[in-house]
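> First the structure, which I've put down as structure tokens, then a few questions once you've had a look.
Bear in mind that the values in this text are calculations on the coordinates, not laboratory data. Nothing here was measured: the structure is a model prediction, and the numbers come from that model. No Cβ is skipped: glycine too gets one built from the backbone with ideal geometry, and neighbour counts run over all protein chains shown.
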Amino acid sequence: METQDDRRQVGTVVIGAGQAGLVLGYHLQRSGEDAVLLEAGARVGDSWRHRYDSLRLFSRRRYASLPGWSIPMHGFPTRDEMADYLEAYAQRFSLPVETGTSVRRVTHDGARFSVETSTDSYVADRVVVCAGAHARPAFPALAADLDPSVRQLHSLDYRNPSQLAPGGVLVVGAANSGTDVALDAAAAGHPTWLAGRHPGQVPFDIDGAQGRAMTPVVMFVFRNLLTRSTPMGRRFMARAEGHGVMLVRNKIADLDAAGVLRTGRIEAVVDGRPVSSDGVSPEISTVVWCTGSRPDHRFLDVPGALDDAGAPVHDRGISPVPGLAFLGLDLQHSVASSMIQGVDRDARHVLRRLRATPTVRPSAGESALAR
């Protein structure tokens, strides 16, 4: 039987070595704190490598870089460039990342955390969860009513048009990922429909000169004005939750020029075929659901850490469970919280508050009794 002495003792366990985990690991290492970063992927950056092929960031070098080292390319990084940068970042700073390590269960005994993984077990003073915010695809209930001949994919599983069946394609969800997929499908020669509420769009071309001039203004607004601390930010977040943010690179004119047909929300399935709110029932062979995702923090077997829906309970990332925190959540504090340009500030805040809460270690006698 494994005892506490058989487990690896560590000050802080960071779950996830994506951008949020690496930023936190960077600050922990700079302050000399004992930590380990547990990454389920075989390589750092795999969370990016497993996204769709045409993905390109909305942020130029200045806003796509983690603290301490700028991304070594100009313009807007691609999916693979971002993944390789994260991997190189971890190597450059010799961050203590354990790859291929899936966290199976986290418990708390009132003093310290036990973290069980696919490869090892840890006992830690603190746990910061930097993974799982977009792990479970969300499908509408009516997806189950589609004719079995219709191929169904979720945007989390979509890579490129080779996955689409011959014939028409319906993309459900008209935010950034949905418009990317719709443009992919149309460029590959599929008759393509895009269903959903238009979320609005950035009123300039982010790839052009106006985009370069306006980006600092937009980033300032995202980081400092659209926060949970401002009335403007709270109103914006109430509207954005569950609907995605406005279109950043793609524009309605781009969809129209590509021949993408836009329709209303899919509200019913009749005789196995989807029907939109405006009565359109397109002839399709594939549906790509760009309908969002849910967190998967089921490994947290810690009372008070999650609400009844399985979402983290937190105040700007700090759990009511002493020593537990979250980083990289959508709208954690600001619109930028889940973006590269927002995670550094949130990481510093989380660390300040964790350090302000003293940890309680069991005495030698208590440890002996526990064994």
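> Using the number of other C-beta atoms within 10 angstrom as an exposure proxy, rank Leu354, Leu300, Leu55 with the fewest first.
Leu55, Leu354, Leu300
> Between Ser70, Ser47, Ser162, find the one with the highest GNM mean-square fluctuation for the chain; connect C-alpha pairs within less than 10 Å.
Ser162
> What ³J(HN,Hα) values, in whole Hz, does the Karplus curve 6.51 cos²θ - 1.76 cosθ + 1.60 give for the stretch 152-165 when θ = phi - 60°, with x put for Gly and Pro?
With coefficients 6.51, -1.76 and 1.60, one gets 10, 10, 9, 4, 5, 9, 6, 10, 6, x, 5, 7, 8, 6 Hz.
> Another one. From the helices alone, meaning DSSP H stretches of at least four residues, give me the mean residue ellipticity at 222 nm for the chain, per-run term -39500 (n - 2.57), in deg cm²/dmol to the nearest 500. Don't skip to the answer; put the middle values down first.
Working: 9 runs with 94 residues, N = 371.
The helix-only estimate for the chain comes to -7500 deg cm²/dmol at 222 nm.
> Please give the Cα centre distance for the stretch 127-202 versus the stretch 271-350, rounded to the nearest Å.
17
> Obtain the radius of gyration and the Kirkwood radius of the stretch 1-159 from its C-alpha atoms and give Rg over Rh.
Ratio of gyration radius to Kirkwood radius for the stretch 1-159: 1.05.
> I would also like to ask the following. Find how much the distance from Asp256 to Met73 grows on full extension, using 0.36 nm per residue of separation minus their present alpha carbon separation; answer in nm with one decimal.
62.7 nm
> While we're here: Can you give the net charge of the other residues whose Cβ lies under 14 Å from the Cβ of Thr227, counting K and R as +1 and D and E as -1?
For residues surrounding Thr227, the net value is +3.
> Mean-square fluctuation check for the chain, GNM, Cα pairs under 10 Å: which of Gly189, Gly41, Gly317 is largest?
Top of the fluctuation ranking is Gly189.
> Right, here's the next one. When you count, for each residue, the other Cβ atoms within 10 Å and take the mean per peptide, how do 275-281, 14-20 rank with the highest first?
Ranking the peptides 275-281, 14-20 by packing returns 14-20, 275-281.
> Could you work out which residue, out of Ala305, Ala141, Ala42, moves most in a Gaussian network model of the chain, that is, has the largest mean-square fluctuation with Cα springs under 10 Å?
For the chain, modelled as a Gaussian network with Cα springs under 10 Å, the answer is Ala141.
> Between Ala144 and Arg235, what's the calculated FRET efficiency when r is the beta-carbon distance and R0 is 25 Å? Round to 0.05.
Rounded to the nearest 0.05, the efficiency is 0.10.
> Stretched out fully, how many nm does the piece from Arg348 to Arg49 gain, at 0.36 nm a residue minus the Cα gap?
Between Arg348 and Arg49, full extension yields 104.9 nm more.
> What translational diffusion coefficient, to the nearest whole µm²/s, does the chain have by Stokes-Einstein, given a Kirkwood radius computed over alpha-carbon pairs, a temperature of 10 °C and 1.306 mPa s viscosity?
Working: Rh = 22.2 Å.
Rounded, D is 72 µm²/s.
> Please list the non-local residues whose amide H lies under 5 Å from the amide H of Arg105, H modeled 1.01 Å from N, same-chain partners needing a gap of 5 or more.
Glu116
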